[in-house]
1. Please verify whether segment 159-175 includes one or more residues that are closer than 24 Å to P54 by Cβ and not in a strand (DSSP E or B).
2. Is it true that G173 is touching a Lys or Arg at 6+ places or on another chain (Cβ under 9 Å) and at pLDDT below 90?
3. Within segment 82-92, is even one residue open to solvent by 40 Å² or more (accessible area, probe 1.4 Å), more than 17 Å from G62 (Cβ to Cβ) and modelled with pLDDT of 90 or more?
4. Looking at segment 93-104, which of the residues that are part of a loop (DSSP other than H, G, I, E, B) and touching an Asp or Glu at 6+ places or on another chain (Cβ under 9 Å) is surrounded by the most Cβ atoms within 10 Å (Cβ to Cβ)?
5. Across segment 148-174, what is the total count of residues that are open to solvent by 90 Å² or more (accessible area, probe 1.4 Å) and either closer than 22 Å to E89 by Cβ or in contact (Cβ under 8 Å) with a residue 60 or more places away in the chain (or both)?
6. Between a residue in segment 119-147 that is under 30 Å from S77 (Cβ atoms) and any residue that is assigned to a loop (DSSP other than H, G, I, E, B) and of a type in the set (F, W, Y), which pairs come within a Cβ distance under 8 Å, given they are 6 or more apart or on different chains?
Amino acid sequence: REAIARDPKDPWPRPPPRPRIASAAAAVDPAARDWFDGILRPLAAIIHRGAAAPEIHALVIGIDEYPAGPGRNLYRSLSGCASDAIDTEQYLRSIDVPADRITRLVSPAAGEPAGELPTYENITRHWLRLIDQVPGGAQVYIHYSGHGGRVVTKFKDLKPGGYDETLVPTDIGKASRRNLRDLDI
């Protein structure tokens, strides 16, 4: 077991030097790999102080396409969010997170089954599945790349500012216009 190096000016311990990432990570954008390595690996090392890393379960969401709905298109389509989600999934796989513990919802669906678009229903269903099925001690990683928003709150007593912050699903332009609100999360 390697000792964790400590900087006297920094109260957070630094993890021991990490081994090189497996070659499967070569397809992942180096900047994204560095960003994830800067978050996931040190977090596991700090929390578990050298113990075996806990199992990771992930919900990865990337939304480029926001189709127009009744009346007008509420949000313009983006570019790069779906590829962020794909890069995130590739990175998680490169650090040995099994495919059956990663759920990816992307729009446009680029080969994804229609039932797995990042709609309000699908995001909520998979989020609740993680809450219900992930064992204690496991880590849950949720990645969202897409529009965020603000809507008038339904709970004025809880939100004196009057607004909820939201994640915007791909089906926001449909008749229901449901956002995933901070209070839902």
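The values are calculated or read from the model by the stated rules, or taken from the named source; none is laboratory data. Not measured: the values here are computed from a predicted model. Every residue, glycine among them, receives a Cβ derived from its backbone with ideal geometry; neighbour counts consider all protein chains shown. Remember, those area values only see protein heavy atoms, side chains included, never the ligands or the DNA or RNA. Shrake-Rupley method; radii C 1.70, N 1.55, O 1.52, S 1.80 Å.
1. No: zero hits.
2. yes
3. No, segment 82-92 has no match at all.
4. V97
5. Total meeting the criteria: 1.
6. H147/Y66; H147/Y75
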